[in-house]
Amino acid sequence: MMPPSNDASRSHDAIDLTVVAPARDEADNVDLLVEQVHAALAPTGLAFEFLIIDDASTDATADRVRALMPGRPWLRLISLPPFNGGGNGQSAAFKVGFAAARGRLIGVLDADLQNDPADLPRMIDHMHASGADFVQGDRSAARRAGDAWIRLVGSVVGRVFRRMILGDSIRDTGCSLRLMKREIALALPLEFKGMHRFIPVTARRLGYTVVEMPVAHRPRHAGEPKYGMGISQRAIPGLIDCFAVRWMSARRRMPGPPVEHRPESALNAERSDRVTQEAAP
Ligand SMILES: Nc1nc2c(ncn2[C@@H]2O[C@H](COP(=O)(O)OP(=O)(O)O)[C@@H](O)[C@H]2O)c(=O)[nH]1
Ligand SMILES: [Mg+2]
C-alpha cells in the first residue's frame with residue numbers, strides 16, 4: 001500500500017524526536033516551556049516537534065499554546081475532554097501523546113518547568129553512547145537539596161515497595177524526564193491510571209535496555225502541584241499498582257508477527273502477478 005501522499009510530513013517516524021508534555025492548568029508555564037524546549041532542541045539540528053497534551057484544563061492553557069503556534073510549525077496541541085468533570089490523569093495524557101507522536105524517539109517532560117529541557121540533548125547523546133533503548137532521568141541528587149521531607153520519605157517508601165514487589169531498581173521512577181524509542185512508548189499499558197509511575201520498569205520487563213542519568217530538578221515555575229501526598233493518596237494506591245504491574249507482566253503475551261496460511265493456488269496467483277508487475281516498464 002502507498003503511504004498517504006497528501007501529508008507525508010504527518011506520518012509516523014517522519015522526524016527524529018517528539019517531546020510530549022502533559023499539562024493540566026499550566027497556563028502560566030506554557031510560554032516559557034515552549035521557549036525553553038525550542039532553545040534546547042534547535043541547536044541540535046534534529047527534526048523535532050513539541051506536543052502538549054492539555055488535559056481538560058480549566059484555565060487558559062489551550063489558548064496560550066494556540067497563541068504560540070503561528071511561526072512555530074513544530075508546536076502541536078491536543079486537548080482531552082474531561083473525565084467525570086475532571087482531568088484524565090497523566091497516564092492517559094501520555095497514551096494519547098505517544099500515539100500521536102511522529103518522532104523515532106520520544107522525550108517526555110512535565111509542563112511546570114520542574115524538568116529542564118536542556119537535559120534532553122544530553123539524554124540523546126547518552127542513549128547513543130550507551131546503546132540503550134531508554135534513558136530515565138534521576139533527580140535524586142538535586143532533590144535531596146530542595147524537596148520537602150514528606151516527598152523524600154514518600155519516594156523512599158515507594159522505592160522499597162517497588163524493589164520488593166517488582167524487583168525494580170530504578171531510582172527515580174516518578175521523574176517525567178525520559179527518552180525512549182517510539183516502539184516502547186506504544187507498548188506501555190497507559191490506559192490505566194497511575195501507570196506512568198511504572199514506565200521504566202515496564203520497559204525493562206518488555207526486554208528493553210533502560211539506563212539512568214542524573215538530571216536537573218527545579219522549583220515549579222508557576223501554578224499549584226496537582227498531586228497530593230500522604231498514605232491514602234499516594235502510598236496505598238501505589239502499593240496496589242505495584243501488584244497490578246506484577247500481574248500484568250506475568251500475564252503479558254506478545255507473540256511475534258503472525259503468519260496467515262493460504263492455499264497454494266492463491267500464493268501462485270500472487271507470485272505470477274508480482275512477476276508481471278516487475279516486468280512492466
Ligand atoms: N494530563 C494530566 N497532566 C497532569 C495531571 N495532573 C498533573 N499533570 C501534569 O503533570 C505534571 C506534573 O504534575 P505536578 O502537579 O507538577 O506534580 P509534581 O511535580 O509531582 O508535584 C505537570 O505537567 C502537570 O500539569 C492530570 O490530571 N492530567
Ligand atoms: Mg511538578
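Summary of values
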item: Straight-distance crosslink candidates among aspartates and glutamates, where the alpha carbon sits under 16 Å from residue 181 and sequence neighbours closer than 8 are dropped; result: 13, 16, 49, 125, 133, 212
item: For residue 248, net neighbour charge (Lys/Arg +1, Asp/Glu -1) across residues whose Cβ lies under 12 Å away; result: +3
item: Additional length obtainable on full extension of the chain from residue 248 to residue 273, 0.36 nm per residue less Cα span; result: 4.5 nm
item: Segment residue 128-residue 218, extension gain: residue separation times 0.36 nm, minus the distance between their alpha carbons; result: 29.8 nm
item: Given charges at Cβ of Lys, Arg, Asp, Glu: the chain dipole, positive-most of 56, 156, 30; result: 156
item: Choice from 135, 245, 157 showing the highest fluctuation, given a GNM over the chain with Cα pairs closer than 10 Å; result: 157
item: In sequence order, calculated HN-Hα J values of region 65-77 (Karplus, 6.51, -1.76, 1.60; Hz; x Gly/Pro); result: 5, 4, 5, 8, 5, x, x, 10, x, 7, 9, 10, 9
item: J(HN,Hα) series, region 216-226, from Karplus relation 6.51 cos²θ - 1.76 cosθ + 1.60, nearest Hz, glycine and proline x; result: 6, 9, 10, x, 3, 5, 8, x, 10, x, 9
item: Assigned charges on the beta-carbon of Lys, Arg, Asp, Glu; the chain dipole about Cα centre (debye); result: 1080
item: Interchain or long-range residues, amide H under 5 Å from residue 26's placed H; result: 61
item: Proximal lysines to residue 226, defined as alpha-carbon separation beneath 26 angstrom and excluding residues fewer than eight positions away on the same chain; result: 95, 193
item: Karplus-derived HN-Hα couplings along region 148-164 (A = 6.51, B = -1.76, C = 1.60, θ = phi - 60°), whole Hz, x at Gly and Pro; result: 5, 4, 4, 5, 5, 5, x, 6, 5, 4, x, 5, 5, 4, 5, 5, 5
item: Computed [θ] at 222 nm, helices only, for the chain once each DSSP H run of length n ≥ 4 contributes -39500 (n - 2.57); result: -12500 deg cm²/dmol
item: Unit charges at the beta carbon, dipole of the chain: most positive-side option, 15, 216, 47; result: 216
item: Equivalent ellipsoid dimensions for the chain as semi-axes, Å, which come from the Cα gyration tensor, largest first; result: 36, 25, 19
item: Ranking of 95, 181, 193 by count of other Cβ atoms within 10 Å, fewest first; result: 193, 181, 95
item: Residue 39 versus residue 147: modelled label distance in nm, points set 7 Å from Cα along the beta carbon direction; result: 2.5
item: Point-charge dipole on Cβ atoms (K/R +1, D/E -1) for region 37-189, about Cα centre, debye to 20; result: 260
item: Tail weight of P(r) past 17 Å, computed on alpha-carbon pairs of region 1-141, percent; result: 61
item: Long-range amide H partners of residue 77 with built H, under 5 Å; result: 52
item: Modelled FRET efficiency - R0 45 Å, residue 233 with residue 46, Cβ distances, 0.05 increments; result: 0.70
item: Tilt relative to the chain, helix 119-130 - C-alpha long axis, 0 to 90 degrees, to 10; result: 50
item: Built amide H within the under 5 Å cut-off of residue 139, gap 5+; result: 215
item: Cα-based Rg of region 126-210 normalised by 2.2 N^0.38 Å, two decimals; result: 1.12
item: Nearest 10 degrees, 0 to 90: helix 90-100 Cα axis against the chain principal axis; result: 30
item: Residue 265/residue 183 FRET efficiency (R0 45 Å; Cβ-Cβ; nearest 0.05); result: 0.80
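Computed from the coordinates by the stated procedures, all read-outs in this text should not be read as laboratory data. Since the model is a prediction, treat every value here as computed from it, not as a measurement. For neighbour counting, all protein chains shown are included, and Cβ atoms are generated from backbone atoms with ideal geometry for every residue, glycine included.
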